[in-house]
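S.K.: This is the structure I have questions about; it appears just below.
The values are calculated or read from the model by the stated rules, or taken from the named source; none is laboratory data. None of these values were measured; they are calculated from a predicted model. Glycine also receives a Cβ, built like all others from the backbone with ideal geometry; neighbour counts cover every protein chain displayed. Only protein heavy atoms, including side chains, enter the accessible area calculation; ligands, DNA and RNA are left aside. Shrake-Rupley method; radii C 1.70, N 1.55, O 1.52, S 1.80 Å.
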Amino acid sequence: MNKGMTILYRVHNNLYVNLTNRCSSACVFCLRQNHDTVGDSDTLWLEHEPTYEEVIEAFKDFPSDSYDELVFCGYGEPTIRFDLIKDVAGYVKKNFGKKIRLNTNGQGNLINERNIEAEMEGLIDTVSISLNNPDPVKYQELVKSRFGVQAFDAMLSFAREAKKYVPNVVLSTVATTITKEEEERCAAICEELGVTYRIRAYES
Ligand code: SF4
């Protein structure tokens, strides 16, 4: 495994933030199993988890007019470093005024052992949560959360609460990985939660 210190990297017109390689899930489809990287970086495996100072330093290589949106994503679950997300998001909002998105598995409350939704207010503009499957048992078979079957309900609860504090909340599944009938059930779940449903393109 090739390791480096890619903290920020570009994907299309956006700038992605890589804060950790740790994750509360072990998804059967995780890109990390077959690739060291995505976007323009050499590797997203980190030599160590970056500090606040290291993240802020990394922004010097990426002028704020060179990207549209800042996205917390990376090769791990960003909310494992939720306090750092808030600090970096605050810095970017104050200094660059950028739109900010959090891509997450939705297990942030379980990970942080507190409800974190309200703490995103004014910092995060979009939360994109991986729904993966409308069935709790199948969901757990796919994502293998260390929290077990409670992860599914926790993820939906996170989406419902996040809606109160974040302008855009999106639940997503990946095209071709579930049936049309399952996609319809996902759409119904999203309608009930009052959030957007998005079917993402499959990436091998
Ligand atoms: S939640 Fe994301 S980083 Fe974690 S195992 Fe699943 S796909 Fe990989």
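S.K.: May I ask for the net charge around A159, where only other residues with Cβ less than 13 Å from the Cβ of A159 are counted and Lys, Arg are +1 while Asp, Glu are -1?
M.R.: Values: positive: R160, K163, K164, R198; negative: E117, D153, E161, E191, E192.
Once positives and negatives cancel, what remains is -1.
S.K.: Which cysteines does the chain leave without a neighbouring Cys Cβ under 4.7 Å?
M.R.: C23, C73, C186, C190
S.K.: To continue, here is another question. List the lysines whose Cα sits under 20 Å from the Cα of K180, skipping any in the same chain fewer than 8 residues away.
M.R.: Counting by Cα, and skipping residues close in sequence, K180 has these lysines nearby: K138.
S.K.: Where is the GNM fluctuation largest for the chain (alpha-carbon springs, 10 angstrom cutoff): A162, A154, A89?
M.R.: Residue with maximal mean-square fluctuation among A162, A154, A89: A154.
S.K.: When the convex hull of the C-alpha atoms of segment 34-158 is computed, what volume per residue in Å³ does it have?
M.R.: Values: hull volume 16.0 nm³, N = 125.
For segment 34-158, the hull spanned by Cα atoms encloses 128 Å³ per residue.
S.K.: Under 28 Å Cα to Cα from K3, which lysines show up? Leave out anything in the same chain fewer than 8 places away.
M.R.: Partners found: K60, K86, K144.
S.K.: Another question about this same structure. As a test of reading the structure, rank R146, R198, R81, R114 by solvent-accessible area (1.4 Å probe, protein chains only), most first.
M.R.: On the way: R146 160, R198 115, R81 50, R114 85 Å².
From most exposed to least exposed: R146, R198, R114, R81.
S.K.: Measuring from a point 7 Å past the Cα of E54 along Cα-to-C-beta, which residues in segment 71-101 have an amide N at less than 18 Å?
M.R.: 72-89
S.K.: Springs between alpha-carbon atoms under 10 Å, Gaussian network over the chain: tell me which of S128, S172, S41 tops the mean-square fluctuations.
M.R.: Among S128, S172, S41, the largest mean-square fluctuation in the Gaussian network model of the chain belongs to S41.
S.K.: Please identify the GluC sites (Glu not before Pro) of segment 33-137 that satisfy two criteria: DSSP loop assignment and at most 16 other Cβ atoms within 10 Å. Which are they? Mind showing how you got there, number by number?
M.R.: On the way: sites: E47, E53, E54, E57, E69, E113, E117, E119, E121; in loops: E47, E113, E121.
Within segment 33-137, the qualifying GluC sites (Glu not before Pro) (loop, at most 16 other Cβ atoms within 10 Å) are E47, E113, E121.
S.K.: So which residue, out of V17, V169, V38, gets the largest mean-square fluctuation from a GNM of the chain using Cα contacts under 10 Å as springs?
M.R.: Ranking V17, V169, V38 by mean-square fluctuation puts V38 first.
S.K.: Report the net charge of residues surrounding Y9, where surrounding means a beta-carbon distance below 11 angstrom and charges are Lys +1, Arg +1, Asp -1, Glu -1. Could you put the intermediate results ahead of the total?
M.R.: Values: positive: R10; negative: D40, D42, D61.
My count for the surroundings of Y9 gives -2.
S.K.: Pull out a ≥ b ≥ c, the square roots of the eigenvalues of the alpha-carbon gyration tensor of segment 157-204, then state rounded if a/c is under 1.5, prolate if not and a/b is larger than b/c, and oblate in the remaining case.
M.R.: Working: a/c = 3.15, a/b = 1.70, b/c = 1.86.
Oblate, since a/c reaches 1.5 and b/c is not below a/b.
S.K.: While we're looking at this one, here's another question. For the chain, what % of the accessible area comes from carbon and sulfur atoms, probe 1.4 Å?
M.R.: Numbers: 4760 of 9920 Å².
Here it works out to 48 percent.
S.K.: Among residues other than N21 whose Cβ falls under 14 Å from its Cβ, what is the net charge (Lys/Arg +1, Asp/Glu -1)? Before the final figure, lay out the partial values.
M.R.: On the way: positive: K3, R22, R32, R81; negative: D36, E47, E49, E77.
So the environment of N21 carries a net charge of 0.
S.K.: Under the rule of at least 5 residues apart or a separate chain, name every residue whose amide H is placed under 5 Å from the amide H of G74.
M.R.: Amide H to amide H, under 5 Å and 5 or more residues apart or across chains, G74 pairs with V17.
S.K.: Once you keep just the Cα pairs under 8 angstrom separated by 6 or more residues, what percentage relative contact order results for segment 106-204?
M.R.: Once divided by the residue count of segment 106-204, the mean separation gives 33 percent.
S.K.: Roughly how many whole Å is it from the C-alpha centroid of segment 1-47 to that of segment 59-96?
M.R.: Cα centres, segment 1-47 to segment 59-96: 15 Å.
S.K.: Enumerate the calculated ³J(HN,Hα) couplings along segment 101-116 in order (Karplus 6.51 cos²θ - 1.76 cosθ + 1.60, θ = phi - 60°), each rounded to whole Hz, writing x wherever the residue is Gly or Pro.
M.R.: These are the phi-based 3J(HN,Hα) values: 10, 10, 9, 8, 8, x, 9, x, 5, 5, 4, 8, 6, 7, 7, 9 Hz.
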